[in-house]
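Structure, as C-alpha cells:
The values are calculated or read from the model by the stated rules, or taken from the named source; none is laboratory data. Please read these numbers as outputs of a predicted model, since none were measured by experiment. Here the Cβ positions follow ideal geometry from the backbone for every residue, glycine too, while neighbour counts run over all protein chains shown. Protein only, heavy atoms only, side chains kept; ligands, DNA and RNA dropped before computing areas. Shrake-Rupley method; radii C 1.70, N 1.55, O 1.52, S 1.80 Å.
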Amino acid sequence: MEQQRYERPLIKRVENDMPNKFGMKPENFPKTSIDGVKVHDLIEKYGSPLFVLSESTIRNTYRRALKAFKNRYPRVQFAWSYKTNYLNGVCKIYHKEGSWAEVASRFEYEKVLRNGVPGSRIIFNGPDKTEADLKKAIQNESLIHIDHLDELYTIVNLTEELDKKPRVAIRVNMDTGIYPMWDRFGFNYENGQAWDALNKIMASGKMELVGLHCHIGTFMLSTKAYGIAATKLSDLALGIQKKYNHQIKYIDLGGGFPSRNTLKGSYLPGQDINPNIDDFAEEISSALLRANFPPDNLPLLILETGRALIDEAGYILGTVISNKRSATGKRTTIIDIGVNLLFTSYWYDHKISPAQEFTHFSEYTTVYGPLCMNIDVIRDNALLPLLNKGDHFVIHQVGAYNMTQWMQFITLRPRIVLIDQESNVHIIRQAETLENFSHMEDTPEHLKTFEL
Ligand SMILES: *Cc1c(COP(=O)(O)O)cnc(C)c1O
C-alpha cells in the first residue's frame with residue numbers, strides 16, 4: 001500500500017466565502033484521465049506542460065450546436081473562426097463536420113487554402129485586406145466582408161482588371177443594447193453608414209451583394225442582443241429587396257457566444273449561469289422567422305462561432321514547482337504554466353483539478369506561473385487541496401484563443417496533442433526548441449565574438 005502523505009497541520013482563519021445558490025460546491029474532483037487516457041501517462045510521454053484537445057468533445061459540441069439551430073431554423077451553416085484556434089488538426093475536424101472557414105487575415109486565409117477548403121467556402125473578414133489579398137479572394141470566389149469604404153473602392157477598382165464579379169457582404173455594427181458598443185468594424189446601422197455602403201455596392205453594379213454580416217462582441221451573456229442584431233440585419237435585407245429587387249443570400253451573425261467558463265468576478269459559476277447555445281438559437285431563429293422573408297426563400301443563417309465550440313475541448317496539463325507562504329501567510333503554489341501560455345487566465349477563473357487523489361482539506365491558494373513577472377498569476381484565489389511539488393493537475397476549458405494568442409516569452413511553447421475518438425494520442429504541434437528561434441535570427445559579423 002502506498003504510504004500516506006504527511007500534511008503539515010495548519011491553523012486557518014475562517015473565510016466566510018459566499019455560498020452560491022446551490023450551496024458550497026467543492027470546486028475540485030481529481031481529474032485523472034481525459035477521454036480514457038491517463039493524465040500521468042500523457043505528461044510522462046509528452047512532457048509538462050502539455051495542451052490536450054479532445055476530438056470527441058469538439059465533434060459533440062459542434063453537432064449539438066448545429067442541431068440547436070437546425071431544429072429551429074431550416075438553413076444553417078457554421079464557418080470555423082480560425083483565430084480562435086487555427087491548429088490544422090483542429091480546423092480539419094470542423095471541416096470534416098461540414099464547417100466553412102472564417103478568417104481575419106491573409107495568414108489565416110493562406111492556412112485555410114492549404115487545409116484544402118475551396119475558396120468559395122472562405123469568409124474573409126477584417127479591416128486589413130491588401131489589394132493582393134482582395135484580388136486573390138475575388139479570383140477564388142471567396143465571400144469578402146467589407147469593413148470600410150476604402151476597401152469597397154479598392155474592390156471596385158479591381159473589377160476593372162478582373163473578369164469576375166466579387167461576392168461581397170458588408171459588416172454592420174449596431175446598437176444591440178450592449179455597451180461599450182463594438183463600432184470600430186464595419187458600417188453603422190443607426191446612423192445610415194450601412195445603407196450608404198449598400199447603395200454604393202448596388203449602384204456600382206460591379207459586385208454581387210450576397211450577404212450581411214455582424215459580429216457584435218465576444219463572450220456575450222445577453223441572448224436578446226442577438227435577437228436585435230438578427231432583426232436589424234433582416235430589416236436591411238428586406239430594404240434591399242424592396243429598393244433594388246435584389247435578394248441577399250445569407251445573414252451572418254458572427255460569433256460571440258460564451259463558453260462555460262467563469263468570468264473573473266462572477267458570483268456564480270459560468271456553467272450554471274451562462275446562456276447556452278439553445279438559448280441563442282431560440283432568440284436568433286425566432287427573430288429571423290418573425291421577419292417578413294418569403295417562407296420558401298429564407299436567407300441562409302451563417303454563424304462564425306469560435307469560443308463556444310472549442311473551449312471545453314481543450315485542457316492544459318501541468319506540474320507543481322513549489323509551494324510557499326506569502327508574507328501574510330496565504331498559501332501560494334507555483335506551477336509550470338504561465339500567462340504566456342494561458343492568456344485567458346486574465347479573463348477567467350479557470351477550473352484547476354488535481355490529477356491524483358487528494359485529502360479533503362483545502363485552502364484558498366494563489367496560483368502563480370513560472371515567469372519572473374509579477375503579473376504571472378493563473379488564479380488569484382482558488383480553493384484547492386494541497387498540491388505538492390511534482391504533483392500534476394489539469395486546467396479545464398482552455399481550447400479557445402490560448403493556442404493562438406499565446407506568446408513566446410521567457411519560456412518556449414509546449415507540445416499539443418489531440419486525443420482521437422478511439423483514445424489514440426496524436427501530436428498536432430511540436431514543442432518549440434531554441435533552434436526554431438535561432439533560425440530566424442542573425443548576428444552582425446562584428447558582434448559574433450567577444451571575450452569576457
Ligand atoms: C473572433 C471572431 C469570431 C469568433 O468569435 P467567438 O467569440 O470566438 O465566437 C467570429 N467572427 C469574427 C468576425 C471575429 O472577429
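Structure summary
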item	result
Qualifying residues in segment 36-56 (those that are charged (D, E, K, R) and touching a residue at least 24 places away in the same chain (Cβ under 8 Å)) - the one nearest to Ile337 (Cα to Cα)	Lys45
Qualifying positions in segment 407-422 - hydrophobic (A, V, I, L, M, F, W, C), buried (at least 16 other Cβ atoms within 10 Å of the Cβ) and either within 16 Å of the ligand (Cβ to nearest atom) or under 16 Å from Gly318 (Cα atoms) (or both)	Ile416, Val417
Members of segment 142-170 found to be open to solvent by 10 Å² or more (accessible area, probe 1.4 Å), free of Cβ contacts under 8 Å to residues at least 40 places away in the same chain and away from the ligand (no atom under 16 Å from the Cβ), listed by number	Asp150, Tyr153, Thr154, Asn157, Glu160, Glu161, Leu162, Asp163, Lys164
Leading residue by the ranking (surrounded by the most Cβ atoms within 10 Å (Cβ to Cβ)) among those in segment 366-395 that are polar (S, T, N, Q) and touching a residue at least 24 places away in the same chain (Cβ under 8 Å)	Thr366
Failed criterion for Met181 (all others in (1) closer than 22 Å to Lys83 by Cα; (2) assigned to a helix (DSSP H, G or I); (3) free of Cβ contacts under 8 Å to residues at least 24 places away in the same chain hold)	(2)
Answer residue from segment 185-228, given it is aliphatic (A, V, I, L, M) and closer than 17 Å to Ala287 by Cβ and is nearest to the ligand (Cβ to nearest atom) among those	Met220
Test result for Phe219, of a type in the set (Phe, Trp, Tyr), within 20 Å of Thr176 (Cα to Cα) and open to solvent by less than 10 Å² (accessible area, probe 1.4 Å)	no
All positions within segment 66-84 that are of a type in the set (S, T, N, Q) and more than 24 Å from Tyr401 (Cα to Cα)	Asn71
Filter result (open to solvent by 10 Å² or more (accessible area, probe 1.4 Å) and more than 15 Å from the ligand (Cβ to nearest atom)) within segment 52-63	Glu55, Ser56, Thr57, Arg59, Asn60, Arg63
Number of the condition not met by Glu357 [criteria: (1) closer than 23 Å to Arg325 by Cβ; (2) more than 26 Å from the chain's Cα centre (by Cα); (3) open to solvent by 10 Å² or more (accessible area, probe 1.4 Å)]	(1)
Check on Tyr86, within 15 Å of the ligand (Cβ to nearest atom) and either in contact (Cβ under 8 Å) with a residue 40 or more places away in the chain or buried (at least 20 other Cβ atoms within 10 Å of the Cβ) (or both)	yes
Enumeration of residues in segment 369-406 that are polar (S, T, N, Q) and either over 18 Å from Pro30 (Cβ atoms) or away from the ligand (no atom under 16 Å from the Cβ) (or both)	Asn374, Asn381, Asn388, Asn402, Thr404, Gln405
Residue in segment 116-123 that is in contact with a Lys or Arg (Cβ under 7 Å, 6 or more places away or on another chain) and either of a type in the set (Asp, Glu) or in contact (Cβ under 8 Å) with a residue 24 or more places away in the chain (or both) present	no
Residues that are of a type in the set (Phe, Trp, Tyr) and open to solvent by 40 Å² or more (accessible area, probe 1.4 Å), drawn from segment 107-141	Phe107
Failed item in (1) within 15 Å of the ligand (Cβ to nearest atom); (2) part of a helix (DSSP H, G or I), with Asp128 passing the rest	(2)
Tally, over segment 67-106, of residues that are hydrophobic (A, V, I, L, M, F, W, C) and more than 17 Å from the chain's Cα centre (by Cα)	3
Top-ranked residue of segment 64-78 - restricted to ones that are out of contact with any Gly (no Cβ under 9 Å at 6 or more places or on another chain), open to solvent by less than 40 Å² (accessible area, probe 1.4 Å) and within 16 Å of the ligand (Cβ to nearest atom), ranked as farthest from Ala308 (Cα to Cα)	Val76
Boolean, Ala197 is in the same structural domain as Ile122 (by TED's automatic domain parsing), closer than 28 Å to Pro295 by Cα, within 28 Å of the chain's Cα centre (by Cα) and not in a loop (DSSP other than H, G, I, E, B)	no
Strands (runs of 3 or more DSSP E) lying entirely in segment 1-113 (those with 2 or more residues that are at pLDDT 95 or above and farther than 30 Å from Phe358 by Cα)	76-81, 100-103
Filter result for the condition that a residue is among the polar types (S, T, N, Q), free of Cβ contacts under 8 Å to residues at least 40 places away in the same chain and at positive phi, over Asn245, Asn199	Asn245
